[in-house]
2 protein chains.
Amino acid sequence: MSKPSIGFVGLGAMGFGMATHLVKEGYPVHGFDVFPASVERFKAAGGIPASSLQDSAKEKDFYVCMVASAPQVQSVLFGDDALPQNATLLLCSTVPASYAQSVAAELVSLGRTDISFIDAPVSGGALRAAAGTLSIMAGAPDAALEKGRFLLQEMSDANKLYLVPGGVGAGSNMKMVHQVLAGIHILGASEAQGFAARLGLDAVKTAEAIKSSPAWSWMHENRLQRMLDEDWHPGASALTIILKDVGIITTSARQSQFPTPLCSTAEQVYLSALLQGYGPVDDSSMVRQYFAEPITEVSSTKSEEETAEALQLVLDLMEVTNLVAAAEAISFARYLKVDLKQFYTLVADAAGASRQFMTKGLDIIEGLGQDVNGETVDGATSRLEKAVQKARDLHCPLNLGNAALSVLFMAKKSGLGAEGSASVVKAFEH
Amino acid sequence: MSKPSIGFVGLGAMGFGMATHLVKEGYPVHGFDVFPASVERFKAAGGIPASSLQDSAKEKDFYVCMVASAPQVQSVLFGDDALPQNATLLLCSTVPASYAQSVAAELVSLGRTDISFIDAPVSGGALRAAAGTLSIMAGAPDAALEKGRFLLQEMSDANKLYLVPGGVGAGSNMKMVHQVLAGIHILGASEAQGFAARLGLDAVKTAEAIKSSPAWSWMHENRLQRMLDEDWHPGASALTIILKDVGIITTSARQSQFPTPLCSTAEQVYLSALLQGYGPVDDSSMVRQYFAEPITEVSSTKSEEETAEALQLVLDLMEVTNLVAAAEAISFARYLKVDLKQFYTLVADAAGASRQFMTKGLDIIEGLGQDVNGETVDGATSRLEKAVQKARDLHCPLNLGNAALSVLFMAKKSGLGAEGSASVVKAFEH
């Protein structure tokens, strides 16, 4: 049986990978992009170039939308009316859940209840897109999921297709709470390495120590090489990309009047960097917000003991900040009624992962307030406090560390000091 | 009766004004500074140049120390031992209260209990220093205050000499909690005017509207002209000056594990600007952190209605941020057992003043949670939220606005939403 034709719009870094992967799997894929060069590139990779948006959608039973933002989605989906009756529509762009729901509502109001609409944002980067091993978080009525499932499976890793309960919007919410972690950890990687440089520590040795410690995050490991090489123009992931996702988070959080102090702090630093011209630059360049020179030029003159002491400050900074980040993400997810067990499973194997989330996430979810290692909120606070004070003495900005410390102080004011460090989540929930 | 000789060390912007004012009042003032040029300038202004620190102190019954920082104070006071028996020593530098107390303790341990030591930080700027109309916050045993009072009176305005109960350290604590407001409002002035520029509003008209509104702050009015003229090199108050005071605040707050989210946020922005080379530049240049061009070059093309709407966002930003700033300063002052009525009186007539502090400060102090205009925490939150969202849509950083909004969201989580807006203080106190 021949494979069905797929319409595809949005051939940027992610979309190009996804569409060409489908080509490799034997699907006739009709791809369109507003940039003719992207369509040409797609043709060269074996895709079928579409001359217009309408051309890409005409007579397709399956259509994938992977443009960059909600306004672009709006003009793609509602500019023409080219999808045939009973088509299945996968919206893979990262958009607010409320926007995905408005698409479903608008289809109804246009009388297009025949369309099976799936809210299916993705995660994993351009390489995994091209390999067909993305994480996909799909929310839709069962009937729609039934129709689109094979296509979701083609684009995702076998273990990373998450059918998210809750219908349209649930997929986008799952992606969003995942990005709370991504948005914080991307800056955290730069903050830790910048602080290490200010402390006079060797960049690579610091990174190795982080990698094997409770301070590890996926983003730190992923961004490290580009940060060291200053491989930034264009690098692999422009600042504007994470800034867009973070904007969805903080905008949604404000609508819910839910505090996301770390993610909001990261956003402010990203916006400052944007003003400095870093928009199209790889996000690992955020290290420049903490250290003015290449961090690899730091050559340590410290004794072994001094090095160990300074390194511990960096590890404490990252570890405790990532703990508060985990609490922020989980509390926001709980507020949005996201399935927390699924969230935990997803994060542990995705770009938002951190060792803190993995070791303490379940305690935070269950509200146990009991740490696996028995540390209290007071203990975590003291460790972070020492790092933050040292940074201040060095005149080093430490945006996330400071924001996390404020949350911990607030938690202590609420009487949580003697509870297990996972209890910091109660500062968000009361 | 001839006036007594005064020894004076530290002839910087403030110290020079203070010392020359004493000269004008007829005192023989022996001035010293580590910069010979400052001593020469003092001589030209009628002062008596001292050839060394020891020379400035020799045989003086009264000695004023106005150097820049605690480490400098330490080397001045304990490097030599030149003060005669029973001298009165005024420490006017801004230092942590714990440091002022350590000076008293060290004098005791050196057997110099004969010295009358007064912890007497000042506020008001170089012009008021030269006019002898500073605000002075003096803490000391009654006997010491009795001896030094005439000198404190010479340097301060008749209504602005505050004899702070609590002994040595109490003056420094009073200054410190005042500077919580100064540190926030200095950045707030730039944040508001930068946001206005991003909104396409005329800078001068915006400033006039702020001045006559509940959003007014003394710092905004004071910094405005230099901000408009970009009179920054060197301007009147270098970034490093407020950064030093803010560092005392956040360091002390961390030692007490007390949250100061707005002041800490301001510090992070100051540290980022320091990294960008703004250290010696006037602090009104912080507007560059929000808007890349001179704000006076913005020419509004908005209709009257659009202008009113955009302006309201700026006013709401400043007003609600200043409200949260007042709550932060008062709660920290209460924690430090500062006399709150005196604090209120002092601030209302000093550089930390804001209309929010003046109209709602007493309600915040008394924990009434009742607003003069009846607005709730929910109401204030909604207004700030709208401003913060608009800034996000414009990609404008809004560091203080975001930090204040996080505090308000936390307050709402604590169930304070329906209480009067002064209740936001409970977010810091529980």
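Could you check the stretch A:380-399 and list, in sequence order, the residues that are of a type in the set (G, A, S) and either at pLDDT below 95 or open to solvent by less than 20 Å² (accessible area, probe 1.4 Å) (or both)?
Residues of the stretch A:380-399 of a type in the set (G, A, S): A:380, A:382, A:387, A:391.
Those that are of a type in the set (G, A, S) and either at pLDDT below 95 or open to solvent by less than 20 Å² (accessible area, probe 1.4 Å) (or both): A:A380, A:A387, A:A391.
Determine if the stretch A:39-62 includes at least one residue that is touching a Leu at 6+ places or on another chain (Cβ under 8 Å), more than 17 Å from A:I118 (Cα to Cα) and open to solvent by 50 Å² or more (accessible area, probe 1.4 Å).
yes
A:S284 versus (1) among the small types (G, A, S); (2) surrounded by 17 or more Cβ atoms within 10 Å (Cβ to Cβ); (3) under 30 Å from B:G415 (Cα atoms): which is the lone unmet condition?
(3) is the only condition that A:S284 fails.
Among the residues of the stretch A:404-427, is any charged (D, E, K, R), out of contact with any Pro (no Cβ under 8 Å at 6 or more places or on another chain) and either under 30 Å from B:Q276 (Cβ atoms) or open to solvent by less than 40 Å² (accessible area, probe 1.4 Å) (or both)? Spell out the reasoning first.
At the first step, the residues of the stretch A:404-427 found to be charged (D, E, K, R) are A:412-413, A:419, A:426.
If we keep only those that are out of contact with any Pro (no Cβ under 8 Å at 6 or more places or on another chain) too, we end up with A:412, A:419, A:426.
In the following step, the residues that additionally are either under 30 Å from B:Q276 (Cβ atoms) or open to solvent by less than 40 Å² (accessible area, probe 1.4 Å) (or both) were identified as none.
Scanning the stretch A:404-427, I find no residue that is charged (D, E, K, R), out of contact with any Pro (no Cβ under 8 Å at 6 or more places or on another chain) and either under 30 Å from B:Q276 (Cβ atoms) or open to solvent by less than 40 Å² (accessible area, probe 1.4 Å) (or both), so the answer is no.
Any chance the stretch B:224-240 includes a residue that's farther than 19 Å from A:L400 by Cα, in contact (Cβ under 8 Å) with a residue 24 or more places away in the chain and in contact with a Cys (Cβ under 9 Å, 6 or more places away or on another chain)?
no
Would you check if A:E306 is more than 13 Å from chain B (Cβ to nearest Cβ), in a helix (DSSP H, G or I) and among the acidic types (D, E)? First the steps, then the outcome.
Values: more than 13 Å from chain B (Cβ to nearest Cβ): yes; in a helix (DSSP H, G or I): yes; among the acidic types (D, E): yes.
Spelling it out, A:E306 is indeed more than 13 Å from chain B (Cβ to nearest Cβ), in a helix (DSSP H, G or I) and among the acidic types (D, E).
What number of residues within the stretch B:210-260 satisfy the criterion of being part of a helix (DSSP H, G or I) and either outside the structural domain of B:K337 (by the TED database) or not charged (D, E, K, R) (or both)?
If we filter the stretch B:210-260 for residues that are part of a helix (DSSP H, G or I), which is where we start, we get B:210-211, B:218-229, B:239-256.
Keeping just the survivors that are either outside the structural domain of B:K337 (by the TED database) or not charged (D, E, K, R) (or both) gives B:210, B:218-220, B:222, B:224-225, B:227-228, B:239-243, B:246-253, B:255-256.
Matching residues across the stretch B:210-260 total 24.
With the requirement that a residue be open to solvent by 80 Å² or more (accessible area, probe 1.4 Å) and closer than 20 Å to B:A100 by Cα, what does the stretch B:148-163 give you? Give the steps one after another, and end with the answer.
Step one: list which residues in the stretch B:148-163 are open to solvent by 80 Å² or more (accessible area, probe 1.4 Å), which gives B:149, B:153, B:158-159.
Answer for the stretch B:148-163, where residues must be open to solvent by 80 Å² or more (accessible area, probe 1.4 Å) and closer than 20 Å to B:A100 by Cα: just B:R149.
Only one residue in A:E366, A:E305, A:E297 is under 26 Å from A:Y162 (Cα atoms), without any contact (Cβ under 8 Å) to a residue 12 or more places away in the chain, surrounded by fewer than 17 Cβ atoms within 10 Å (Cβ to Cβ) and in the same structural domain as A:I184 (by the TED database). Which one? Break it down into steps so the answer makes sense when it comes.
Details: A:E305 fails: under 26 Å from A:Y162 (Cα atoms); A:E297 fails: under 26 Å from A:Y162 (Cα atoms).
None of the other options fit; the residue is A:E366.
Just checking, how many residues over the stretch B:272-296 are within 12 Å of chain A (Cβ to nearest Cβ) and over 15 Å from A:Q276 (Cβ atoms)?
1
Just to be sure before I move on: is A:R198 within 14 Å of another protein chain (Cβ to nearest Cβ) and either modelled with pLDDT of 95 or more or more than 20 Å from A:A13 (Cβ to Cβ) (or both) in the structure I sent?
Working: within 14 Å of another protein chain (Cβ to nearest Cβ): yes; either modelled with pLDDT of 95 or more or more than 20 Å from A:A13 (Cβ to Cβ) (or both): yes.
Spelling it out, A:R198 is indeed within 14 Å of another protein chain (Cβ to nearest Cβ) and either modelled with pLDDT of 95 or more or more than 20 Å from A:A13 (Cβ to Cβ) (or both).
Can you say whether B:S93 is outside the structural domain of B:E221 (by the TED database), open to solvent by 30 Å² or more (accessible area, probe 1.4 Å) and within 24 Å of the chain's Cα centre (by Cα), as far as the supplied structure shows? Step through it out loud before you land on a result.
On the way: outside the structural domain of B:E221 (by the TED database): yes; open to solvent by 30 Å² or more (accessible area, probe 1.4 Å): no; within 24 Å of the chain's Cα centre (by Cα): yes.
Criteria not met by B:S93.
For the structure I just gave you, tell me whether A:V177 is of a type in the set (A, V, I, L, M), surrounded by 24 or more Cβ atoms within 10 Å (Cβ to Cβ) and away from every other protein chain (no Cβ under 14 Å). Full working, then the answer.
Details: of a type in the set (A, V, I, L, M): yes; surrounded by 24 or more Cβ atoms within 10 Å (Cβ to Cβ): yes; away from every other protein chain (no Cβ under 14 Å): yes.
Against the criterion (of a type in the set (A, V, I, L, M), surrounded by 24 or more Cβ atoms within 10 Å (Cβ to Cβ) and away from every other protein chain (no Cβ under 14 Å)), A:V177 qualifies.
Checking the structure you have, find out if any residue of the stretch A:197-218 is out of contact with any helix residue (DSSP H, G or I) (no Cβ under 6 Å at 6 or more places or on another chain), of a type outside the set (K, R), over 28 Å from A:V324 (Cβ atoms) and free of Cβ contacts under 8 Å to residues at least 12 places away in the same chain.
Scanning the stretch A:197-218, I find no residue that is out of contact with any helix residue (DSSP H, G or I) (no Cβ under 6 Å at 6 or more places or on another chain), of a type outside the set (K, R), over 28 Å from A:V324 (Cβ atoms) and free of Cβ contacts under 8 Å to residues at least 12 places away in the same chain, so the answer is no.
Among the residues of the stretch A:226-268, which ones are open to solvent by 20 Å² or more (accessible area, probe 1.4 Å) and within 8 Å of another protein chain (Cβ to nearest Cβ)?
Hits for the stretch A:226-268 are A:T251, A:Q257, A:T265.
Take the residues in the stretch B:386-430 that are among the small types (G, A, S) and assigned to a loop (DSSP other than H, G, I, E, B); name whichever of them is farthest from the other protein chains (Cβ to nearest Cβ). Full working, then the answer.
Of the residues in the stretch B:386-430, the ones among the small types (G, A, S) are B:387, B:391, B:401, B:403-404, B:406, B:411, B:414-415, B:417-418, B:420-423, B:427.
Of the ones still in play, those that are also assigned to a loop (DSSP other than H, G, I, E, B) are B:414-415, B:417-418.
Values: B:S414: 6, B:G415: 7, B:G417: 8, B:A418: 13 Å.
It comes out as B:A418.
The values are calculated or read from the model by the stated rules, or taken from the named source; none is laboratory data. All of these numbers come straight from a predicted model, not from anything done at the bench. Positions of Cβ are generated from backbone atoms using ideal geometry, with glycine treated the same way; all protein chains shown enter the neighbour counts. Side chains are part of the model used for accessible areas, which takes the heavy atoms of the whole protein and leaves out ligands, DNA and RNA. Shrake-Rupley method; radii C 1.70, N 1.55, O 1.52, S 1.80 Å.
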